[in-house]
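Working notes for the structure below.
The values are calculated or read from the model by the stated rules, or taken from the named source; none is laboratory data. Source: prediction; values computed, not measured. Positions of Cβ are backbone-derived with ideal geometry, glycine not excepted, and every protein chain shown enters the neighbour counts.
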């Protein structure tokens, strides 16, 4: 789907497919294209693969790596019709002659309203508690503008050790608070520190990683609120557990007022093997 259609609203284009009982909506993937869809489909083939097969394999691979959220026509259409939850889609674009990853497209109801860049996509997927089979993050450890590789660390996240807790509370004034705590058990794949064997070294690096990732999580949530994309389903929680408060809300305006508190806690494992 191209940019113009997405900004106008995609539900009319999907409604027939979604309501057709013979259509396997749980298997159909939706892709957001930055620009014109025709420009990509006109390629017809990428290498030895037909463009359709290429896109299907590319999206599946990036979902497994937690770079893209795992959305289907069925899950996306259900959220489009849900006043308390929004959806996101993988975004691609044509760069020269190559089809490349563009980030994660943000939607409010059925309209495209924003974009998370690729560098924030893995952390976003982890925050939604929808990790694929693997997840890798490269994080800068210093505040300098240096691009020196020794300033960065690459970590692999264990999906068996991932813990994400979303706690939503309200007060008497009707304010809504959302505390998202993400606990990551990781392996340091590439590290500027040669010695991570002592507890002190690991604890220090844990804090150096947790702080910037928490800061990045805040930036992601700011973009979600700016795009009015309730990807965490805060509204759905209010509908279920605080229906009277929900009826007083104008969610198109009040979602941006939710007071989020993200917290990312990193713990480097003792060895280079996830246990």
Problem - Exclusive hit being modelled with pLDDT under 95 and either at positive phi or not assigned by TED's automatic domain parsing to the domain that holds residue 107 (or both), set 230, 156 - result: 156
Practice task
Would you mind finding the one in 103, 84, 96 that is surrounded by 23 or more Cβ atoms within 10 Å (Cβ to Cβ) and outside the structural domain of residue 246 (by TED's automatic domain parsing)?
Solution key: 103
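I need the full set of residues from the range 68-97 which are part of a strand (DSSP E or B) and either farther than 13 Å from residue 33 by Cα or touching a strand residue (DSSP E or B) at 6+ places or on another chain (Cβ under 7 Å) (or both), in order please. Give the steps one after another, and end with the answer.
Applying the first criterion (part of a strand (DSSP E or B)) to the range 68-97 yields 88-95.
Across the range 68-97, the qualifying residues are 88, 89, 90, 91, 92, 93.
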